[in-house]
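J.: One structure, as structure tokens, below. Some questions next.
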Amino acid sequence: MAALPKRIIKETERLVSDPVPGITATPSEDNLRYFHVTIEGPSASPYAGGLFKLELYLPDDYPMCAPKVRFLTKIYHPNIDKLGRICLDVLKDNWSPALQIRTILLSIQALLAAPNPDDPLANDVAEDWKKDEQAAIKMAQEWTAKYASTSSQ
Amino acid sequence: MSKVPRNFKLLEELEKGEKGLGAESISYGLSSQDDISMTYWNGTILGPPHSTHENRIYSLTIVCGEEYPTKPPEVKFISKINLPCVDEQGNVVPSAFDTLKNWKRTYTMETILLELRKSMASSANKKLVQPPEGRTY
């Protein structure tokens, strides 16, 4: 395997030495471009109390292209589909090499705090959200308790 | 080139399959839209022309285990077919099918389906008598 670019080494070191509150990112032992990630649900959101597992991969073109990120924990959110794929501008068209793993994970945490049903990926969830926001929020809380509660993991 | 982890390779394959970006003569997708482990897949092969498979559509299941793509998936025909690399239960026998036998991690489910189709169209196999259309294992 080719040597790991300096930028990735630096980012990894900082993620470990100076972690973002509520977020962990640990490189896999056999593939330093592959990270196991956890994000705590933001306190003022339906995901509060949940610990969400994600996986992140830095493709060969990184940082010229965005990291690839996916939720492994089931989550009820209008911008995250049943396979954990995330609809977020900075992971697609708005990616810039000035962004980092850290900023991407913060953006995902912010997305949990501010679901955006007008730019949906999980269409059925987004529709529920727009039709009856209170019911959708309740559902998101239930899923958090069922699939992401720290006591069940 | 770094090694693309299993899940991200499968996501790439899924996207290609969903958008229909690959070959027209085959298709594939997840069996269940909420299979977060992306293990169970369906495939179809359109029978190649100028063979006894012409105008037939073959359904298959593909199981990508934990060790995919280091290890090849398990491939099984649902539609009955007479082909040397397929056993009596519809399983594609790895030792008889080069793509599985000499598997490389750069191969994809598309590779498998296209190579199976090629095998169906090969001069050795294209005239094999086939079971009546529509039968399943």
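The values are calculated or read from the model by the stated rules, or taken from the named source; none is laboratory data. Treat the numbers as computed from the prediction; the structure is a model and nothing was measured. Glycine gets a Cβ as well: all are built from the backbone with ideal geometry, and neighbour counts include every protein chain shown.
J.: Determine, yes or no, whether B:ILE112 is closer than 21 Å to B:GLY134 by Cα and more than 14 Å from chain A (Cβ to nearest Cβ).
T.: For B:ILE112, the condition - closer than 21 Å to B:GLY134 by Cα and more than 14 Å from chain A (Cβ to nearest Cβ) - is not met.
J.: Residues of the stretch A:116-136 being among the hydrophobic types (A, V, I, L, M, F, W, C), surrounded by 13 or more Cβ atoms within 10 Å (Cβ to Cβ) and farther than 18 Å from A:LEU88 by Cα, which ones?
T.: A:ALA136 - this is the single residue of the stretch A:116-136 that is among the hydrophobic types (A, V, I, L, M, F, W, C), surrounded by 13 or more Cβ atoms within 10 Å (Cβ to Cβ) and farther than 18 Å from A:LEU88 by Cα.
J.: Continuing with this model, one more query. Before we move on, is A:LEU105 within 18 Å of A:GLY22 (Cβ to Cβ) and either out of contact with any Lys or Arg (no Cβ under 7 Å at 6 or more places or on another chain) or of a type outside the set (Lys, Arg) (or both)? Talk me through it step by step, then tell me what you get.
T.: On the way: within 18 Å of A:GLY22 (Cβ to Cβ): yes; either out of contact with any Lys or Arg (no Cβ under 7 Å at 6 or more places or on another chain) or of a type outside the set (Lys, Arg) (or both): yes.
Considered against the rule, which asks whether it is within 18 Å of A:GLY22 (Cβ to Cβ) and either out of contact with any Lys or Arg (no Cβ under 7 Å at 6 or more places or on another chain) or of a type outside the set (Lys, Arg) (or both), A:LEU105 comes out as yes.
J.: So which residues in the stretch B:18-54 are under 17 Å from A:LYS68 (Cβ atoms) and either within 13 Å of the chain's Cα centre (by Cα) or away from chain A (no Cβ under 13 Å) (or both)?
T.: Of everything in the stretch B:18-54, just one residue is under 17 Å from A:LYS68 (Cβ atoms) and either within 13 Å of the chain's Cα centre (by Cα) or away from chain A (no Cβ under 13 Å) (or both), namely B:LYS19.
J.: Could you check how many residues of the stretch A:66-103 are among the charged types (D, E, K, R), in contact with a Leu (Cβ under 8 Å, 6 or more places away or on another chain) and within 14 Å of chain B (Cβ to nearest Cβ)?
T.: 4
Here is a yes/no grid of residues against (1) touching a strand residue (DSSP E or B) at 6+ places or on another chain (Cβ under 9 Å); (2) modelled with pLDDT of 95 or more; (3) not in a loop (DSSP other than H, G, I, E, B):
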{"position": "B:ALA23", "(1), (2), (3)": "no, no, no"}
{"position": "B:GLY43", "(1), (2), (3)": "yes, yes, yes"}
{"position": "B:PRO48", "(1), (2), (3)": "no, yes, no"}
{"position": "B:ILE62", "(1), (2), (3)": "yes, yes, yes"}
{"position": "B:TYR68", "(1), (2), (3)": "no, yes, no"}
{"position": "B:GLN89", "(1), (2), (3)": "yes, yes, no"}
